1. Given the residues Leu279, Leu217, which is the only one that is in contact with a helix residue (DSSP H, G or I) (Cβ under 9 Å, 6 or more places away or on another chain) and surrounded by 13 or more Cβ atoms within 10 Å (Cβ to Cβ)?
2. Being modelled with pLDDT under 95, over 28 Å from Gly84 (Cα atoms) and either among the aliphatic types (A, V, I, L, M) or under 17 Å from the mean Cα position of the chain (by Cα) (or both), is that true of even one residue in segment 257-265?
3. Among the residues of segment 160-179, are any open to solvent by less than 50 Å² (accessible area, probe 1.4 Å) and either under 14 Å from the mean Cα position of the chain (by Cα) or under 28 Å from Gly15 (Cβ atoms) (or both)?
4. For residues in segment 34-61 being of a type in the set (A, V, I, L, M, F, W, C) and in contact with a Cys (Cβ under 8 Å, 6 or more places away or on another chain), which is nearest to Ala122 (Cα to Cα)?
5. Across segment 112-150, what is the total count of residues that are in contact with an Asp or Glu (Cβ under 9 Å, 6 or more places away or on another chain) and part of a helix (DSSP H, G or I)?
6. Taking segment 109-127 only, how many residues are under 18 Å from Met190 (Cα atoms) and open to solvent by 80 Å² or more (accessible area, probe 1.4 Å)?
7. With a cut-off of at least 2 residues that are open to solvent by 50 Å² or more (accessible area, probe 1.4 Å), name the helices (runs of 4 or more DSSP H) lying wholly within segment 1-95.
8. Need pairs with beta-carbon distance below 6 Å; first residue part of a loop (DSSP other than H, G, I, E, B) and within segment 184-196, second surrounded by fewer than 23 Cβ atoms within 10 Å (Cβ to Cβ) and modelled with pLDDT under 95; sequence gap 6+ or separate chains.
Amino acid sequence: MRLYTVNAGYFKLDGGAMHGVVPKSMWNKANPADENNMCNWAMRCLLIEHGNYKILVDNGMGNKQDEKFFGHYYPHGDDTIEKGLAKHGFTMDDITDVFLTHLHFDHCGGSIVREGDKLVPAFKKALYWSNHKHWQAAIQPNEREKASFLKENILPIEQSGQLRLLETMENDEWLQDIRIRYVNGHTECMMLPQIKYNGATILYCADLLPSVAHISLPWVMAYDMRPMDTLREKNKLLTEAVANNWVLFFEHDPKNECCTLQQTDKGIKVKETFPLSELDNKIAQAKA
């Protein structure tokens with residue numbers, strides 16, 4: 001197995017919404033806001049090369065929306081999924097599986113592209129993976145979450161015949177060495193890949209832990225549908241992570257790709273941050 005970071009660009013979201021009840025005087029030190037109270041966030045995806053599989057976890061917001069839509073989120077930077085894959089020697093057609101943690105636009109928008117007046121899969125040879133419960137929540141969204149589930153990102157996946165829906169079995173092994181952890185605080189049945197790699201465990205945190213700062217338990221996004229569930233889910237997975245020396249991989253942190261954890265008198269805190277490219281060295285050091 002080999003793991004690669006694939007950057008899909010950066011965008012901005014309201015700092016208050018991203019940090020929930022935490023005062024700006026605290027979160028602004030972690031991720032300073034601009035004059036409109038907007039903070040910068042990454043759309044960092046993960047490519048897993050696993051035998052004959054080339055699995056892309058999430059794919060950013062894509063580029064098919066109109067100027068009005070992008071005006072709300074300020075996408076910026078030169079990174080794209082295509083460039084990110086090419087950096088590691090892959091193309092869009094090399095992808096065999098697109099694993100969608102959830103169907104909010106900044107995680108699945110790159111799934112579909114426009115070809116003339118048609119909306120078609122960007123990854124033409126891939127299967128797209130979601131689960132039954134989340135899919136139903138996405139195609140019949142509640143009013144609070146409706147703006148995050150865009151039908152043009154979702155329905156063409158099903159229409160293409162490339163969609164596959166999983167049953168939601170806790171800690172289910174999807175493929176050898178890749179398990180799925182289901183969490184419900186942010187949205188219904190979000191899927192977190194838990195990857196066994198070279199003797200280490202890597203958890204792709206998606207929107208359970210958007211950034212290093214969100215490791216602190218009270219830092220729960222206002223976007224979350226069930227914030228108290230998020231609090232419990234964070235506590236459970238972070239406790240498991242620190243006990244078993246997991247590596248966390250962050251999708252939205254604008255600076256930090258990965259971290260390890262440590263137990264302190266003030267709770268679970270970051271031990272060390274590092275890019276994914278240093279993972280093999282960190283594993284070797286831990287074994288030495």
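The values are calculated or read from the model by the stated rules, or taken from the named source; none is laboratory data. On a predicted model such as this, the values are computed, not experimentally measured, just so you know. All Cβ positions, glycine included, derive from the backbone under ideal geometry; neighbour counts span all protein chains shown. Side chains included, ligands, DNA and RNA excluded: accessible areas come from the protein's heavy atoms. Shrake-Rupley method; radii C 1.70, N 1.55, O 1.52, S 1.80 Å.
1. Working: Leu279 fails: in contact with a helix residue (DSSP H, G or I) (Cβ under 9 Å, 6 or more places away or on another chain).
Every option except Leu217 fails the conditions.
2. no
3. No.
4. Going residue by residue through segment 34-61, those that are of a type in the set (A, V, I, L, M, F, W, C) are 38-39, 41-43, 45-48, 55-57, 61.
Then drop every residue that is not in contact with a Cys (Cβ under 8 Å, 6 or more places away or on another chain), which leaves 56-57.
Numbers: Leu56: 12, Val57: 14 Å.
Within segment 34-61, the match that is nearest to Ala122 (Cα to Cα) is Leu56.
5. Result for segment 112-150: 9.
6. Here the count works out to 0.
7. Details: elements: 15-19, 24-30, 67-73, 81-87.
Once the helices (runs of 4 or more DSSP H) in segment 1-95 are filtered for at least 2 residues that are open to solvent by 50 Å² or more (accessible area, probe 1.4 Å), what remains is 24-30, 67-73, 81-87.
8. That search, which allows pairs on different chains as well, returns Cys189/Thr168.
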